[in-house]
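J.: One structure coming up, written as structure tokens, with questions to follow.
The values are calculated or read from the model by the stated rules, or taken from the named source; none is laboratory data. As the structure is a prediction and not an experimental result, all values here were calculated from the model. A quick note on method: Cβ atoms are made from the backbone with ideal geometry, for glycine too, and the neighbour counts reach across all protein chains shown. Calculation scope for accessible area: heavy atoms of the full protein, side chains included, ligands and nucleic acids excluded. Shrake-Rupley method; radii C 1.70, N 1.55, O 1.52, S 1.80 Å.
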Amino acid sequence: MINNLNSKRTVTVIEGDGVGPEITSLTIDLMRASGAMFDVELAEAGEVAFTKGIAGGVPQDTLDSVSRNKVVLKGPLATPIGEGGKSANVTLRKTFEMFANIRPARELPGIPSPFSGRGIDLVIIRENVEDLYAGIEHMQTPNVAQCLKLISRVGSARIAEAAFAFALSQGRSSVVVATKANIMKLTEGLFKSEFERIAKGYPNIESSHILIDNCAHQLVMKPEDFDVIVTTNMNGDILSDLASGLVGGLGFSPSANLGYEVAMFEAVHGTAPDIAGKNKANPTAMILSGVMLLRHIEEFTAADKLEQALLLTLEDGIHTFDVPGTGAVGTLEFSEAIKLRLGSLSSYPTKTHSPLAMKKLWPEDVDVTPPSRSKDGLDVLIETNEEAQVVAQKIQAALRDDNFRLTMISNRGTRVWPGAPSNATQVDHYRCRFLATKKSRWSDETVSRLLAQIGGVYRWMHIEKLESYHDKPQYSKAQGED
Ligand code: NAI
């Protein structure tokens, strides 16, 4: 039972499934006991919504509560496996466009990990809307699937801005962008170049780039050297779990999901159905998420007090059963031990925090108009099991005008024509590149004619227009293409 205080601030609380209600209610209790002033509006999502037949897992009342209060503390939500409902987490994140996922990973006292004593204290900031997670997938042939990786200028600028604003709010001194821009020069490259542009507005914060694979390596070799890492959705998904592993696992990992209107705070772990209702859950991640929430609503004193009491409890050797060693207690006893220590300091200093001032960016603030654009040609993806030489001959024979010239065929990204037959394994999916013989002859009408001619010999399933901006090609070359 949560009593309200009629304070000016109300937080929507979704207790969630499995261990959610246990760890969420004690977190609210500790936040209040630390002196924070806020009221609570309980809202439902997850299992209870799915059993009522709400496909997105989030009832309208809950969406209304989140819209009204703009700050959410959320327990884990069960996602139905197989047919039926979608993830309630994804519904919430997408509805309120929470594009920034913030995952701190900090060494905690008394929590053993292979890196204990190294002083790890880093934050991974993951773009959380775009990239491969835009969910645009197709089976292009019965044997080849495609997932579109979409990276926008505004999405990249926003997350870079969020990373620098977050670093400033925590007094952190460096932000590194982790990408695969050496291979995906256009998508990951755009993310990197927007980061570099935004970095110029933060001259007092050190900024640099690291390739994502090297970043994973360095995170294991020298994790203490990292401060803030900002990265794309897929990279961040993997790196943030890696970072949790460095400091004791998901049970200790809090997170924040930030959008321009709504901020939602939650533990990274799931519903832990195997230990639900058994007074065994570790509430640390949830309490640390509550600390992040308190800082978000500028209850800095209460946040520091709760964080220090939690750190001191762990330093005193008190922890839940998931941590090896003596001193294990139940969830409630752990929470009581924290409460007893409110007002005392651990030997782990708390940073000075200031309000998060995230500059809002919209497409009109960042989008560019190239000084000139030209249409170079067309990539046409076709389905066939025939040899590349045969494909080239048949297509060339099918072209009945000279508006386009077949210049290259690739299979899985490697050029297979012109040139000697390739030894690489080939699949029923070719990309045929056509360049306009004269750029003036490129029009939707000539493209339609070309497609009709190709369609006479092969099934095509995808086209991509090839453009240059200011004479610079805006498309990648195939491996081996000149
Ligand atoms: P899980 O994180 O719930 O459990 C994995 C293992 O970690 C289990 O052995 C569990 O007992 C343990 N564990 C997790 N949290 C713990 C805690 N606080 N204290 C002690 N032990 C803990 O992951 P799983 O089993 O893959 O997922 C269960 C459900 O949770 C699924 O329906 C999944 O979709 C959902 N889920 C929800 C998330 C969210 O709402 N943000 C995140 C991850 C999973």
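J.: Kindly state which strands (runs of 3 or more DSSP E) lie completely within region 319-419 and contain at least 2 residues that are in the same structural domain as ALA309 (by TED's automatic domain parsing) and under 30 Å from ALA303 (Cβ atoms).
T.: Strands (runs of 3 or more DSSP E) meeting the threshold: none at all.
J.: Considering each residue of region 267-306, count those that are within 7 Å of the ligand (Cβ to nearest atom) and either open to solvent by 20 Å² or more (accessible area, probe 1.4 Å) or in a loop (DSSP other than H, G, I, E, B) (or both), and give that number.
T.: The total comes to 12.
J.: It is to be established whether one or more residues within region 247-266 are among the aliphatic types (A, V, I, L, M), closer than 16 Å to SER113 by Cβ and within 16 Å of the ligand (Cβ to nearest atom).
T.: Yes: region 247-266 contains one or more residues that are among the aliphatic types (A, V, I, L, M), closer than 16 Å to SER113 by Cβ and within 16 Å of the ligand (Cβ to nearest atom).
J.: When you go through (1) surrounded by fewer than 20 Cβ atoms within 10 Å (Cβ to Cβ); (2) within 22 Å of VAL247 (Cβ to Cβ); (3) among the charged types (D, E, K, R) one by one for GLU364, which number turns out not to apply?
T.: For GLU364, the failing item is (2).
J.: Can I ask one more? Does any residue in region 435-448 that is under 9 Å from ASN403 (Cβ atoms) come within less than 7 Å, Cβ to Cβ, of a residue that is open to solvent by 40 Å² or more (accessible area, probe 1.4 Å) six or more places away or on a different chain, and which pairs are these?
T.: ALA436/LYS375; THR437/ASP402; THR437/ARG405; TRP442/LYS375
J.: Filter region 15-47 down to residues that are in contact with a helix residue (DSSP H, G or I) (Cβ under 7 Å, 6 or more places away or on another chain) and over 21 Å from LYS339 (Cα atoms) and give me whichever is farthest from the ligand (Cβ to nearest atom).
T.: GLU41
J.: One residue is enough: does region 226-247 have a residue meeting the conditions more than 15 Å from ILE111 (Cβ to Cβ), in contact with a strand residue (DSSP E or B) (Cβ under 9 Å, 6 or more places away or on another chain), among the small types (Gly, Ala, Ser) and in the same structural domain as THR24 (by TED's automatic domain parsing)?
T.: The answer is no, given that none of the residues of region 226-247 is more than 15 Å from ILE111 (Cβ to Cβ), in contact with a strand residue (DSSP E or B) (Cβ under 9 Å, 6 or more places away or on another chain), among the small types (Gly, Ala, Ser) and in the same structural domain as THR24 (by TED's automatic domain parsing).
Yes or no, residue by residue, for (1) open to solvent by 30 Å² or more (accessible area, probe 1.4 Å); (2) under 30 Å from PRO273 (Cβ atoms):
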residue	(1), (2)
LYS74	no, yes
LEU77	no, yes
LEU92	no, yes
THR95	yes, yes
PRO109	no, yes
ILE124	no, yes
HIS138	yes, no
THR141	no, no
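J.: Do the conditions hold for ALA45, that is, is it out of contact with any Gly (no Cβ under 7 Å at 6 or more places or on another chain) and among the small types (Gly, Ala, Ser)?
T.: No; evaluated as a whole, the condition is false for this residue.
J.: Quickly run through region 313-336 and pick out the residues that are more than 16 Å from the ligand (Cβ to nearest atom) and closer than 18 Å to ASP29 by Cβ.
T.: Residue satisfying the conditions is GLU336 alone.
J.: Quick one: count up the residues across region 248-266 that are open to solvent by less than 10 Å² (accessible area, probe 1.4 Å) and farther than 15 Å from ILE125 by Cα.
T.: 1
J.: Go through region 361-399 and report how many residues are under 30 Å from ALA160 (Cα atoms) and out of contact with any Lys or Arg (no Cβ under 8 Å at 6 or more places or on another chain).
T.: 8
J.: Can I ask one more? Could you check ALA309 against (1) of a type in the set (Gly, Ala, Ser); (2) within 16 Å of the ligand (Cβ to nearest atom); (3) more than 13 Å from GLU333 (Cα to Cα) and say which number it fails?
T.: In the conditions (1) of a type in the set (Gly, Ala, Ser); (2) within 16 Å of the ligand (Cβ to nearest atom); (3) more than 13 Å from GLU333 (Cα to Cα), ALA309 misses (2) alone.
J.: Could you say whether any residue in region 69-88 is over 25 Å from the mean Cα position of the chain (by Cα) and farther than 20 Å from HIS269 by Cβ?
T.: No, that holds for no residue.
J.: Within region 61-102, how many residues are modelled with pLDDT of 95 or more, away from the ligand (no atom under 12 Å from the Cβ) and not β-branched (Val, Ile, Thr)?
T.: Matching residues across region 61-102 total 14.
J.: Go through (1) in contact (Cβ under 8 Å) with a residue 40 or more places away in the chain; (2) surrounded by 19 or more Cβ atoms within 10 Å (Cβ to Cβ); (3) among the aliphatic types (A, V, I, L, M) for VAL427 and report which single condition fails.
T.: (2)
J.: Give ALA181, ALA134 a once-over and let me know the one that is open to solvent by 10 Å² or more (accessible area, probe 1.4 Å), modelled with pLDDT of 95 or more and not assigned by TED's automatic domain parsing to the domain that holds MET264.
T.: Exactly one residue qualifies, and that residue is ALA181.
J.: Could you tell me whether region 390-412 includes any residue that is open to solvent by 20 Å² or more (accessible area, probe 1.4 Å), under 37 Å from the mean Cα position of the chain (by Cα) and within 18 Å of GLU481 (Cα to Cα)?
T.: Looking through region 390-412, at least one residue is open to solvent by 20 Å² or more (accessible area, probe 1.4 Å), under 37 Å from the mean Cα position of the chain (by Cα) and within 18 Å of GLU481 (Cα to Cα).
J.: Based on this model, can you work out whether GLY56 counts as more than 25 Å from ASP274 (Cβ to Cβ), within 16 Å of the ligand (Cβ to nearest atom), of a type outside the set (D, E, K, R) and modelled with pLDDT under 95?
T.: Yes: the conditions hold for GLY56.
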